[in-house]
Structure formats: structure tokens, C-alpha cells
Amino acid sequence: MIVKKQPKAISLFAGAGGCSLGFKQAGYNIVYATDFDKSAIETYKKNFPDTLAECKDIKDIDFSQLLVDLELKQGEIDILIGGPPCQGFSTAGPRFWDDPRNHLLKQYIRALEIIQPKWFLMENVEGLLTSNDGEYIRETVKAFVKLGYSIRLEKVYSQEYAVPQRRKRVIIIGNRLGIDFSFPHPTTHSHGKIFRKSSITIEHALFGLPKPTIENKELKYDVDFSNSWAKTLKSKSEIVTDHFIQNIDETQLERISMLKQGQTMKDLPEYLQHPSFKKRAARRVMDGTPSEKRGGAPSGLKRLKFDEPSLTITGAAIREFIHPIEDRCLTIRECARIQTFPDDFIFIGSNGDKIQQIGNAIPPLLAKTFAEHIYNIGFNDNLFESKGVLLDFVLTKSEGLSPALQKTERLLSDLKPKQVPQLTLFENAY
């Protein structure tokens, strides 16, 4: 019997640790994590006491010294996880890397160059694909290839991987071992009514939680974990925190009580529609619209459907997302459940800090799926190092491409070689 070693990972832009949790659950050892957000790092330290976690600006990290401190050599880290936030519109052409708005990406590239992990996984918002007319993602891909990584890029739909939430994100995976690979195969389709008989609905996600309190305090509960999806969320202590109702005024309660499942602010009488909603009610964001031109979602309420995945959990979820059958907004813990955080995962900070940490996180279950997939491909040190190549990309699963994505497709297609270099298929990587 061949026993695989425990892969070592470093997490940059770690946040509260959603990605780290998924990789830890898949058997990885997270040896170092960092983020600039103080409350997020406090949350990280609480839940990952064995990981060296620091609140630092990435530009101040000496990655060469970090490897020395971790008693590791260049190239020994198995995977670098986490991705720099895309900071919107940036300079194209030769000045791209001089633009201060691109400094987080520049620092991420610096980390890759010094640490030289065997693999990396970078996650980001879908606006990354069309920021600055596709120039941002093109320069990103070029930098990864220049460092010797064979990469794939796809827009991933989280609900296809058992996450009870419609959440689209861009994931880029690369390795410098000369391995050709694919993304993990989805377990379900991303559209349609197939959710009603699946285990990725809000009903499954919230299964077993006790009634929320009207004040922030711990609740003890005894859950029937016969629900297969809920088993993954079982709390070791069987105590749930952050499960309380936010205060709302009478007008907001009237709005909430009038909404049926699937309805939003536009379905309310005009006198109850929020002013900010009226301003943007006619706005429709097409798939592929650049992030700097999206302008944010209309401020308003949305009652979720019990038999479907949730809408994307964001920092506004506890103000705008209404429980499917109760006249109240979601609690912080319910949002964490929908993001697939287990009930014994403790969040530190104000209520605003906590929901922001949850909304910004990679769903742990999604991260675990990708972590297991990479683990099965392997970290064989004996494979040759590739010169770097863009293997392929998937920009959307929608029918047809928006004009913005068409530009990006042209730019990325120019980076693909006419003939992909001979690589080792992952089935033979052991």
C-alpha cells in the first residue's frame, strides 16, 4: 500500500479561512496564512491554531525569509492557495505592472516566483475576466506561463459542486510539473428545477438549525444528522453561535411579510419600494459585464426559495436575503451554513466583520472538491518542469458570449499555442 505524504500549502489573502478549511478537510497541512484584514486573521487563528497566521500587507512579506522560517526550500511547497482581489480598471499595455491598482496581483506573482509551489489555485470574482476589456486576465495568464506553469482557467458555478448557492467565480489552476489536467467533473447541472430532488437547496443547508434568538448568544441543539448534506456541518460541541435575528423597523417588516418565495422588491407596492431600488430597477447586468461597470446590485429585499440554491451570499445578505418561510432576514450562521462552513467554525469581530468574512470566503466544500482533485493528480517531484502553457479556458456556460467576453476570448486565444507541448497525463503522474 502506497501512503501519500501530507501536502503542504500556503494561503495568501486567506480571509477567514474558507479555502484553507476545504484544503485541511482534504488532508493538506496549511503551514502559513496571511491577510491584511485584522478581524479575518483573528477568525483564522481561532479556527486554525496550528497554522502560523499573520496580519500583514503582502508587500511587506519577505517570502525568501518565510521559507527559511518554515524550514522549507524553494519548490517544496505543494500548493499556494488564495487569490488577490481584482481592483477594477487598470492600465493596459507596457504600463500594466506599474499601475498601483495592480499591486496585489504583482505581489502574488512575486510570491509564486520565490516560493515556486508545485501547484497554485487562484480564485476571483467573475469580473476578473472582463476587467479593462480583458487586459487584466491576459496579463495575469502571461505572467503565470512565464513562471513555467501549465494552467487552466474556468468560470466555476458553485452549485454544480454541491454548494447550496448560485455563486459564479473564476478559478485558475496551474502546476510546474509538466502535468496536463482537467477541472473536477461537476456533480449536477447549474440550471433548471433539478434542485428540488437534490441535496443542494436552502432547505438542506439550513436543516436542523434551532430557531434563532432575538439576541446574540450561544444555542445548544440536538440535530438529526440523517440528512447526508448536514452531516458535513456537524458541530463537535453541538453549540451554534451567531444565530440571531437582526433588528428591523415596522416598514421593513411590512415589506418582508408581503414577499412570497422568489419575489423581490419589484414585487412590492410602489410605496414600499426602497428609493435606491427605484433608481436601478431597470438595470440588467449581462453575463460578462466588466466589474467596474456593474454599479452594484439594487438595494432591496429578496425572499429565497426553499427548494433551490441560495443567491450569492455577500456582505449584504443579513440585510437583504429573507428566509424562505419566516418573516425575517437570514442570520449570520445561516449565511455561514449556505457557504458550507460547519457550525463549530467561530467568526471573530463585529456583525459586519463576520458577514463580510463569510461573503468573501471560498465555500469550504468547493475548496475541498478542488483540493481532493489536485491531491489525486499528485505532487510527483520526479516529473519534468514545463516551460509554461495556457492549456485551455472556459469563460462561461451561458449560450453565446457577451461582447465583453468575446474580447477576452480573442486575447486568451492568442496566448494558446497552436500545438500544446507534450505533457504527462495526470493518470500517469504517480
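The values are calculated or read from the model by the stated rules, or taken from the named source; none is laboratory data. Every value quoted in this text rests on a predicted model; they were computed, and no experiment measured them. Reconstructed Cβ throughout: ideal geometry from the backbone, glycine too, with neighbour counts over all protein chains shown.
Some notes on this structure:
- Residue selected from segment 370-400 under the condition surrounded by 15 or more Cβ atoms within 10 Å (Cβ to Cβ) and either of a type in the set (D, E, K, R) or under 23 Å from Gly208 (Cβ atoms) (or both), by the criterion farthest from the chain's Cα centre (by Cα): Glu385
- Check on Ile115, β-branched (Val, Ile, Thr) and either more than 16 Å from Val394 (Cβ to Cβ) or surrounded by fewer than 19 Cβ atoms within 10 Å (Cβ to Cβ) (or both): yes
For every residue, the table says whether it meets (1) under 16 Å from Leu365 (Cα atoms); (2) in contact with a strand residue (DSSP E or B) (Cβ under 9 Å, 6 or more places away or on another chain); (3) crowded, with 24+ Cβ neighbours inside 10 Å.
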| site | (1), (2), (3) |
| --- | --- |
| Ala9 | no, yes, yes |
| Leu12 | no, yes, yes |
| Gly18 | yes, no, yes |
| Ala26 | yes, no, no |
| Phe36 | no, yes, no |
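- Verdict on Arg328 being out of contact with any helix residue (DSSP H, G or I) (no Cβ under 8 Å at 6 or more places or on another chain) and farther than 13 Å from Ile202 by Cβ: no
- Scan of segment 302-328 for residues that are farther than 17 Å from Arg166 by Cβ and either crowded, with 22+ Cβ neighbours inside 10 Å or not assigned by TED's automatic domain parsing to the domain that holds Gln261 (or both), ordered by number: Ile318
- Selection from segment 94-120 of residues that are under 15 Å from Val141 (Cβ atoms) and touching a residue at least 60 places away in the same chain (Cβ under 8 Å): Tyr108
So that you can scan it fast, the table gives a plain yes or no per residue for (1) out of contact with any strand residue (DSSP E or B) (no Cβ under 7 Å at 6 or more places or on another chain); (2) farther than 30 Å from Thr130 by Cα; (3) at pLDDT 95 or above:
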residue	(1), (2), (3)
Ile338	no, no, yes
Gly378	yes, yes, no
Gly388	no, no, no
Lys397	no, no, no
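- Hits in segment 207-251 (condition: loosely packed, with under 15 Cβ neighbours inside 10 Å, touching a Ser or Thr at 6+ places or on another chain (Cβ under 8 Å) and at pLDDT below 75): Ser228
- Residue match in segment 48-58 (condition: touching a Pro at 6+ places or on another chain (Cβ under 8 Å) and more than 22 Å from Leu104 (Cα to Cα)): no
- Contact map, segment 142-157: residues that are in contact (Cβ under 8 Å) with a residue 12 or more places away in the chain paired with residues that are of a type in the set (Ser, Thr, Tyr), Cβ distance under 8 Å, separation 6+ or inter-chain. Pairs shown: Gly148/Ser386; Tyr149/Ser386; Ser150/Ser386; Arg152/Ser182; Lys155/Thr396; Tyr157/Ser190.
- Within segment 334-389, the set of residues being of a type in the set (D, E, K, R) and assigned to a loop (DSSP other than H, G, I, E, B) comprises Asp343, Asp344, Asp381, Glu385, Lys387.
- When the helices (runs of 4 or more DSSP H) confined to segment 1-90 are screened for residues that are more than 20 Å from Lys118 (Cβ to Cβ) and touching a residue at least 12 places away in the same chain (Cβ under 8 Å), those reaching at least 2 such residues are found at 18-25, 38-47.
- Test: residue in segment 134-142 that is outside any helix (DSSP H, G or I), surrounded by 19 or more Cβ atoms within 10 Å (Cβ to Cβ) and assigned by TED's automatic domain parsing to the domain that holds Ser386: no
- For Tyr375: the one exception among (1) in the same structural domain as Ile41 (by TED's automatic domain parsing); (2) under 16 Å from Leu206 (Cα atoms): (2)
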